[in-house]
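Beneath this line is the structure, given in structure tokens, with notes to follow.
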Amino acid sequence: MAALEGPQYGPASGGKPDSLVLLLHGVGADGFDLIDLAPVWAEALPHTLFIAPHAPFPFQGAPFGRQWFDIMDRTPARLEAGLRHAAGILGDFTRAKLTELDLGGDRLALMGFSQGAMVALFAGLRGAVPAPACILAYSGALLGPDSFAGEVSARPPVLLVHGEADEVVPAMASRQAARALQAEGVPHELLLRPDLAHGLDDAGLAAGTALLAQSLSRVTGR
């Protein structure tokens, strides 16, 4: 199984980390695409270590960039199979890193953008990683909806953020995710941003800051 590596930031305080945030990028990017979010969120989380792992597989659609799973065949069964594989790889990396840092899953938060958000939701809610304190999913989707009800094993608070003008992953994907989370009793917030395309904005990042600070400060006592 492929090993993960990527850029990291923090803790801004300079001490031992009391929590871990994993930032999962989208198709055709790599960990450097999201690591710049860490200094922004570190203002509220000075004792947190942020890691943005590069996805395990090269992206066939360009001579650079990475992907968590193949999107050339977009049939639901193939996408879900690729997603399960990616979640397993992320789970191995996450458990090893938490052990190294002497942290429990309640000190873990997952953030993902686009395909990374799909991985974060799948892995964080279905037990591929230790049950996290929260999940932030930007411009993503909840894949494998037919098996979700029978597999959900963790119910951390989830933030879904999506641009209404997104033409890559339509905002309907996050609306559908919200309905599935509601049906299974997963606490969540759906934030739809008018005129935002496939990207991040200040309002979405501020909502992420709030959930990270609330979820991780509660378990760290800070």
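The values are calculated or read from the model by the stated rules, or taken from the named source; none is laboratory data. Predicted model only: the values in this text are computed from it and were never measured. Glycine also receives a Cβ, built like all others from the backbone with ideal geometry; neighbour counts cover every protein chain displayed.
When the residues of region 45-89 are narrowed to those that are of a type in the set (Gly, Ala, Ser) and touching a residue at least 40 places away in the same chain (Cβ under 8 Å), which ends up nearest to residue 22 (Cα to Cα)?
Step one: of region 45-89, the residues of a type in the set (Gly, Ala, Ser) are 52, 55, 61-62, 65, 77, 81-82, 86-88.
Keeping just the survivors that are touching a residue at least 40 places away in the same chain (Cβ under 8 Å) gives 52, 55, 87-88.
Working: 52: 6, 55: 12, 87: 13, 88: 15 Å.
Selected residue: 52.
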What is the residue count in region 97-143 for residues that are assigned to a loop (DSSP other than H, G, I, E, B) and of a type in the set (A, V, I, L, M, F, W, C)? 8
Identity of the residue in region 70-123, of a type in the set (Phe, Trp, Tyr) and within 12 Å of the chain's Cα centre (by Cα), that ends up farthest from residue 52 (Cα to Cα): 122
Yes or no: region 181-195 includes at least one residue that is of a type in the set (S, T, N, Q) and without any contact (Cβ under 8 Å) to a residue 24 or more places away in the chain. yes
Just give me the residues in region 13-42 being in contact with a helix residue (DSSP H, G or I) (Cβ under 8 Å, 6 or more places away or on another chain) and under 21 Å from residue 201 (Cβ atoms), in sequence order. 21, 23, 24, 25, 26, 27, 34, 37, 40, 41
Test result for residue 14, over 23 Å from residue 96 (Cβ atoms), at pLDDT 95 or above and assigned to a loop (DSSP other than H, G, I, E, B): no
Which members of region 60-93 meet the condition of being surrounded by fewer than 21 Cβ atoms within 10 Å (Cβ to Cβ) and in a loop (DSSP other than H, G, I, E, B)? 60, 61, 62, 63, 64, 65, 70, 71, 72, 73, 74, 75
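Is it the case that some residue within region 170-187 is under 25 Å from residue 45 (Cα atoms) and either at pLDDT 95 or above or among the polar types (S, T, N, Q) (or both)?
Yes.
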